[in-house]
Amino acid sequence: MTTTLITDIAGLVTNDPALGDGSPLGLVQDAALVLDGDRVAWAGPASQAPAADHRVDAGGRAVVPGFVDSHSHLVFAGDRTAEFNARMSGQPYKAGGIRTTVAATRAATDAALSANVARYMREALAQGTTTFETKSGYGLTVEDEARALRIAAEHTDEVTYLGAHIVAPEYADDPAGYVDLVTGAMLDACAPYARWVDVFCEKGAFDGDQARAILTAGKAKGLLPRVHANQLSYGPGVQLAVELDAASADHCTHLTDADVDALASGNTVATLLPGAEFSTRAEWPDARRLLDAGVTVALSTDCNPGSSFTSSVPFCIALAVRDMRMTPDEALWSATAGGAAALRRTDVGRLTPGARADLLLLDAPSHVHLAYRPGVPLVSEVWRGGTRVV
């Protein structure tokens, strides 16, 4: 392996307080970074940097960890422009719109679905996302859910079984029968392709008892739980996530004090998805309330064709700062180290010795510009596993 020195970094975000200014971002000014193959070998002041085989001049730009998008739905076909247009014209968002995508996804070929996943992952990579999670949930039959996960696994290691997205149309009059399918034959077919099991615990989808049965069955198959929780209304999702030691409770828009206390006392990350609130004109999650209570917060895109059709983590950072009362530092940490925590990963989301060399060069002197200059394509270079890919 050869080593690479990246120097003349105006501000380096390591996400290790011990390496930098003592803040959660571990910010190092006038910094350098040494990569050894696909790993970070050294980080610190440029004046103290060791020699390396190759040298890259960052030109006074900021360097931050690659974004970790821990919640997306990329295995789909079709388009929901009409639904979005209607919603922006005054119609409320309801979970049932998922059925439109289910029909299109079932009709699509494997090649078309795989090409779609690759397209949106390339789009996200160009904007700085170097670690992706994605889910099934638009097939809702044994065959279609299994092929969705097989296709997803061709593109990422972070694959989530979401057969419990909504009750399949064929089981509209027999939700208990569908839960039996999700926890039985569908789970058997899907578990080999997935790392995670998820459920949409919400009115119009699955109640607390159904969600518990689905997540418990997934755990018995070796899958780790995560939960779509408390997005559209108050409900049992967050409490269930903490009870089952889920890695993440996602959305967390409608929370009681007990929900916040549970998250603060457990290991479950609160993953906030501001693209969904933006695209549905819904109430914003109160990130400030969660952070002040000591909850670990992640930021992700929720990229999906219905309620959050964005693959841009920088856009979500800007929304979180403007409308969810996060500071620029908190938003960046949540989109990197927070996302890694939501995936229970320690090798990504930070730029410290031994971490995977996933990093971004920003066309700006500071990471604060991600929120300060919303909508501007500031990601000028993307390195993934020590290789410059953008």
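Remark: the GLU154-SER265 segment gains 36.3 nm on full extension, using 0.36 nm per residue and subtracting the alpha carbon distance.
Close amide H partners of THR253, meaning residues 5 or more places away or on another chain with modelled amide H under 5 Å apart, are GLN231.
When you restrict to C-alpha pairs under 8 Å that are six or more residues apart and normalise by the size of segment 236-364, the relative contact order lands at 20 percent.
Averaging the Cα positions of each part gives two centres, and for segment 116-182 and segment 14-88 these lie 27 Å apart. A simple rule links phi to the HN-Hα coupling: the Karplus curve 6.51 cos²θ - 1.76 cosθ + 1.60 with θ = phi - 60°, which for segment 237-249 gives x, 5, 4, 5, 4, 5, 4, 8, 6, 5, 5, 8, 10 Hz, with x for Gly and Pro. For the chain, adding -39500 (n - 2.57) for each run of n ≥ 4 DSSP H residues and dividing by the number of residues yields -9000 deg cm²/dmol at 222 nm. A simple rule links phi to the HN-Hα coupling: the Karplus curve 6.51 cos²θ - 1.76 cosθ + 1.60 with θ = phi - 60°, which for segment 27-34 gives 6, 10, 8, 6, 10, 9, 9, 10 Hz, with x for Gly and Pro. Put simply, the convex hull of the Cα atoms in segment 1-153 casts, on average, a shadow of 13.1 nm². Other residues with beta-carbon under 13 Å from the beta-carbon of ASP302 carry, at +1 per Lys or Arg and -1 per Asp or Glu, a net charge of -3. Each residue was assigned an accessible area with a 1.4 Å probe, and for CYS303 the value is about 0 Å².
Expressed in units of 2.2 N^0.38 Å, where N is the residue count, the Cα radius of gyration of segment 70-183 is 1.10. Each peptide in 354-360, 146-152 was scored by the mean count of other Cβ atoms within 10 Å over its residues; highest first, the order is 146-152, 354-360.
Comparing LEU74, LEU273, ALA51 along the charge dipole axis of the chain, the residue lying farthest to the positive side is ALA51, per the Cβ-charge model. Remark: relative contact order (segment 5-83) = 32 percent; criterion is Cα-Cα distance under 8 angstrom and separation of 6 or more residues. Just so you know, the averaged projected area of the alpha carbon convex hull for segment 241-318 sits at 5.0 nm².
Whole-Hz Karplus values for segment 266-279 come out as x, 9, 7, 7, 8, 9, 9, 10, x, x, 5, 5, 4, 7 Hz, taken residue by residue from phi with 6.51 cos²θ - 1.76 cosθ + 1.60 and θ = phi - 60°; glycine and proline positions read x.
Computed over neighbours whose Cβ is under 13 Å from that of HIS369, the net charge equals 0, Lys and Arg +1, Asp and Glu -1. Straightening the chain between ASP347 and LYS221 buys 42.9 nm, computed as 0.36 nm per residue apart minus the Cα-Cα spacing.
The values are calculated or read from the model by the stated rules, or taken from the named source; none is laboratory data. Note that the coordinates shown come from a computational prediction; the quantities given were computed from them, not determined experimentally. Counting neighbours? That spans all protein chains shown, and the Cβs are built from the backbone with ideal geometry, glycine included. For accessibility, only protein heavy atoms count, side chains too; no ligands or nucleic acids. Shrake-Rupley method; radii C 1.70, N 1.55, O 1.52, S 1.80 Å.
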